[in-house]
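Laboratory data are not the source of any read-out in this text; all were calculated from the coordinates shown. These figures come from a predicted structure and were not determined experimentally. Cβ atoms come from the backbone with ideal geometry, glycine included; neighbour counts cover every protein chain shown.
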Amino acid sequence: MTIDHALELEPDLKALYDEDEDAREILDLAKRIEGCVRHVGVHAAGVVVAPTPLVEWTPIQPDPKGTGKMITQYDMYSITDEYGGVGLLKFDFLGIKNLAILADAVRRVKATCDIDIDIENVPIDDAKTYQMLARGETYGCFQLGGSGMTRWLKELRPTTIHDINAMVALYRPGPMETIPAYIARKHNPRLVNYIDPRMKEYLEFSNGLLVYQDDVLLTAIKLGGYSWLEADALRKAMGKKIPAVMQAEKEKLVAGFVKHGKLSEEKAQQLWELIEPFAAYGFNKAHAASYGKVAYQTAYLKANYPVEYMAALLTADSGDTEAIAALVAESVRMDIPVLPPDVNESGTDFTVVRWAMSADVPEEGVSQRDGARGGDFLARKYAAPDEGTRRELPNAIRFGLSSIKNFGEGVAHAILEEREVSGAYKDLADFLSRVGSKNLNRKSLESLIKCGALDSLAPPAGGRGQLLANIETLLAFHRDTTAEAPQNSLFGSLAAPTLGLIGAEPVSLKEKLDWEKELLGMYVSGHPLDAHKGLLEKARFSLAKIKEENQPGLPVILPVLVAEVRTILTKGGEKMAFIKFADKTGTLEAVIFPKLYKEHGSVITPGSCLLVKANVSKRGGELSLAVEGLRLL
C-alpha cells in the first residue's frame, strides 16, 4: 500500500486531500519520505564475512546502540547475493542462555551429589523425563514451557526424542495445524497413511506427516522431479514468504507431481495443500533436532536433578523479579523449599543446601545443620515420624547475598571470603567481629536482618525484631571489634567485649513478608494469602491456571493479592484502575471499571487480599481480568 494507491482506493482520503490544505501538505511531505529507511536495526546474531576489507564491499557505521561494534549499512537482503545483492556471506550465530543454564546445573550436581553428568550423552529414553512432560510439568524447559505447548504435550504423552523434535517443529504458525493429526496417529498407528507409498522412506518417524522443511524438499525431489538446486529455490521461496514466488512454485511443483510422480491432479493438489502451511514457518530437521536436544536435556535435568536445575534457572534470571517469582512458585510446587539468604549458607547467587530435621525441633521450626530456623510449613511437612528419630530433608535453594536489594557487592564478598577462610560464623558476635568491611554499615546490616540473612544467628525468642531494636549496639560492637577501639567507645574499656542485647517483641509475619518483598522482590517466608488457606484450597482457579487455560470469556472467582495499582480518569472524569494481581502461582493484569472502583476504591490498595469475581479477557494478545465484583478478605 502506498499513499498514491490509498488516494485511489479511498474517496474520503482523496476528498480530504483535495479540500484541506493542511492534509494536502502533510500527505505531500509523507510521499517524499515514503519508502525510505526509517531507522537502523541490527540483527542480534548476524555476522557478515568478506574476502577483503568490508569497506570495499559495503558502507559501514558504528552500532547506534553504542556497543562499539561496526555494522553494515546495507540490509540483510542487499548484503548477500540474493535479489541482486553484493554477494557477501552472512551467518546467523544464535546464542541461547539455556546452554549456560545446563552447564551451571551440571556443575551443581557434581558439587551436591558428586555425579559427573555428560550432558551431551544423557540417555534419551529416560522414563522420568517423558512422564514429567506428559504431566505437563514443563515450566523452565527450553521450548516446552509455554501454556500452548504444555497442553499439546499432555495430549501427546511423548515417549521418544522424535516426539519432542516434532513438537518443536510443529508448534509454529502454519505447521501447528498438523499437531492434532500427529497426536492421533501417535496413539493409533492404524491411522498412519501416505499419499504415496514412496513417502514412507522419509516420513516414517513423523507418523506419515510432513513435519520438517526437509520433508517438503524430499517430496519435491522424489515426487516432483526437482533437482537439489530447484528444491533449494523452493526452500528459499517458502522462507521469504513472497506470495508471487510461492504461486509460481505451486504451479511448477503440482505439474511435477503429475508428470514425474505420476500422481492424479487431485492427489497433486492435496499434496500441495499439505506443503503450503510451511510457507508460514517451517523448521528444517537439523534445527528442530538441535532445539529438541536442548529441550530434552533441560527436561532431563529437571526430572532427575530438580533442585540443582531450578537453582541454575533462578541464578540465570537474577534481577528479573517477575521470572524469579514464577520460578519460586514452580519450585514450591515441586516441594523444593526456597529459603531467604543466610550468611552461613548463601553464596553470591542462588545456592543448593542440605537440610535436616530432628524430633527436638519446636513445632514452628526446622533445624538446619548450623541451627537455622526455617518455615513452619517445612516442619509440618517433614516432621520426624517417631520421637527421637532424625530425618533428612530434601535439598533446598537459598537466595544469594547478591539478591538483596541495596546491599553492596563489596560487603557480600567480604562475608563470603571470611567464611571461606575461617569457617562458618558461630554466633552474632562472631559474625560482627570477623566481617571487617567498612561497608557493613547501618543500611547493609538492616538489610541483612530484615531479609532473614541473620536468622540463624539471632536469639530464638526475639528474632529479627530483637536485632533491629539493638541495631546501634550491633554497629558499635562491630566498630569496636574490627578496628582499634577509641577510648570513649562503648566497648573500649573491655578486654574481651561481649554482646548483650535488650529484649524486644518478635515482629509479625506481615512485617517479615513486607521486608522480604522490599529487599528480595518477593515473599519467601510465606505469602499474605496464606492467612486464607481454606479459600485457596477451595478455589478452582489460580492466576497460573487462568494463563494455562487461556480462555477469553471464562468466568472466574479467586483470592488474589493486590500488587500494584494505577488509576486513570475516563473521558467522563470518573476514576478507574488497572491492577496487577498476584497469588502464589504468578501475576496477571486486571481492570476495574469506574462504578466498581467508586464502591471499593478504599480497599483496592497494594498489599490488600481480595476475593474477586471476574471474566478473562484478551487485549492486544495479552490475557487480563475484567473485574465484576470483589470483597476484602
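Tell me whether the stretch 566-626 comes out rounded, prolate or oblate; compute the Cα gyration tensor, take square roots of the eigenvalues as a ≥ b ≥ c, and use a/c under 1.5 as the rounded threshold. The shape class here is oblate.
Straight Cα distances below 23 angstrom link LYS110 to the lysines LYS97, LYS128, LYS293, LYS302, with same-chain residues fewer than 8 positions distant left out. Cα convex hull, the stretch 99-299: 127 Å³ per residue, rounded to a whole number. The loop-placed trypsin sites (Lys or Arg not before Pro) in the stretch 397-444, going by DSSP, that have at most 12 neighbouring Cβ atoms within 10 Å of their Cβ come out as LYS405, LYS438. Here the stretch 89-243 is assigned +1 on the Cβ of each Lys and Arg and -1 on the Cβ of each Asp and Glu. Its dipole about the Cα centre then comes out at about 520 debye. Could you let me know the centre-to-centre spacing of the stretch 398-449 and the stretch 551-611, using Cα atoms, in angstrom? Each part reduced to its Cα centre gives a spacing of 40 Å. Are there trypsin sites (Lys or Arg not before Pro) in the stretch 246-290 that DSSP puts in a loop and that have at most 11 other Cβ atoms within 10 Å, and which ones? In loop regions of the stretch 246-290 (DSSP not H, G, I, E or B), the sparsely surrounded trypsin sites (Lys or Arg not before Pro) are LYS262. Does the stretch 528-632 classify as rounded, prolate or oblate by the C-alpha gyration tensor (a ≥ b ≥ c root eigenvalues; a/c under 1.5 gives rounded; else a/b over b/c gives prolate, otherwise oblate)? Judged from the Cα gyration tensor, the stretch 528-632 comes out oblate (a/c at least 1.5, b/c at or above a/b). One way to sum up the overall shape of the stretch 89-134 is the equivalent ellipsoid from its Cα gyration tensor, whose semi-axes run 26, 18, 10 Å, largest first.
Is the stretch 213-264 best put as rounded, prolate or oblate by its Cα gyration tensor, with a ≥ b ≥ c the root eigenvalues, rounded for a/c under 1.5, and otherwise prolate when a/b is larger than b/c, oblate when not? Judged from the Cα gyration tensor, the stretch 213-264 comes out oblate (a/c at least 1.5, b/c at or above a/b). Altogether, the Stokes-Einstein calculation at 20 °C and 1.002 mPa s, with the Kirkwood radius of the stretch 419-575 over Cα pairs as Rh, returns a diffusion coefficient of 110 µm²/s. Here is the list for the stretch 535-633: trypsin sites (Lys or Arg not before Pro) lying in DSSP coil, each with at most 15 other C-beta atoms within 10 angstrom of its C-beta, are ARG540, LYS571. Here the residues SER525, SER318, ranked from fewest to most Cβ neighbours within 10 Å of their Cβ, fall in the order SER318, SER525. A value for Rg and Dmax of the Cα atoms in Å was derived from the coordinates, and within the list (1) 25.2, 81; (2) 26.9, 89; (3) 31.5, 105 it appears as (3).
Considering every alpha-carbon pair of the stretch 3-92, the percent of pairs per 10 Å bin, from zero through the bin containing the longest distance, is 14, 33, 18, 19, 16, 2. Exposure proxy ranking for MET246, MET1, MET70, based on other Cβ atoms within 10 angstrom of each Cβ and starting from the fewest, stands as MET1, MET70, MET246. Taken along its three principal axes, the alpha carbon spread of the stretch 154-221 comes to 35, 27, 20 Å, from the longest extent down to the shortest. Within a straight-line Cα-Cα reach of under 19 Å, LYS575 can be paired with the following aspartates and glutamates, leaving aside sequence neighbours fewer than 8 residues apart in one chain: GLU564, GLU589, GLU599, GLU628.
Residues of the chain were split at every exposed loop site, defined as GluC sites (Glu not before Pro) in a DSSP loop with at most 10 other C-beta atoms within 10 angstrom, and the longest piece left, sites excluded, is 1-362.
Stretched out straight at 0.36 nm per residue, the stretch from VAL40 to VAL245 would grow longer than its current Cα-Cα span by 71.0 nm.
Take every Cα pair under 8 Å whose residues are at least 6 apart in sequence, average their separation, divide by the length of the stretch 200-254, and the relative contact order is 25 percent.
Given +1 at the Cβ of Lys and Arg, -1 at the Cβ of Asp and Glu and no other charges, the dipole of the chain around its Cα centre is 1240 debye to the nearest 20. Exceedance of the 31 Å cut-off in Cα-Cα distance is limited, within the set LYS154/LYS613; LYS186/LYS545; LYS236/LYS618, to LYS236/LYS618. Placing +1 on the Cβ of every Lys and Arg and -1 on the Cβ of every Asp and Glu, with nothing else charged, gives the stretch 528-632 a dipole about its Cα centre of roughly 180 debye. Straight-distance candidates among the aspartates and glutamates for linking to LYS240, with alpha-carbon spacing under 12 Å and chain neighbours fewer than 8 residues away dropped: GLU82.
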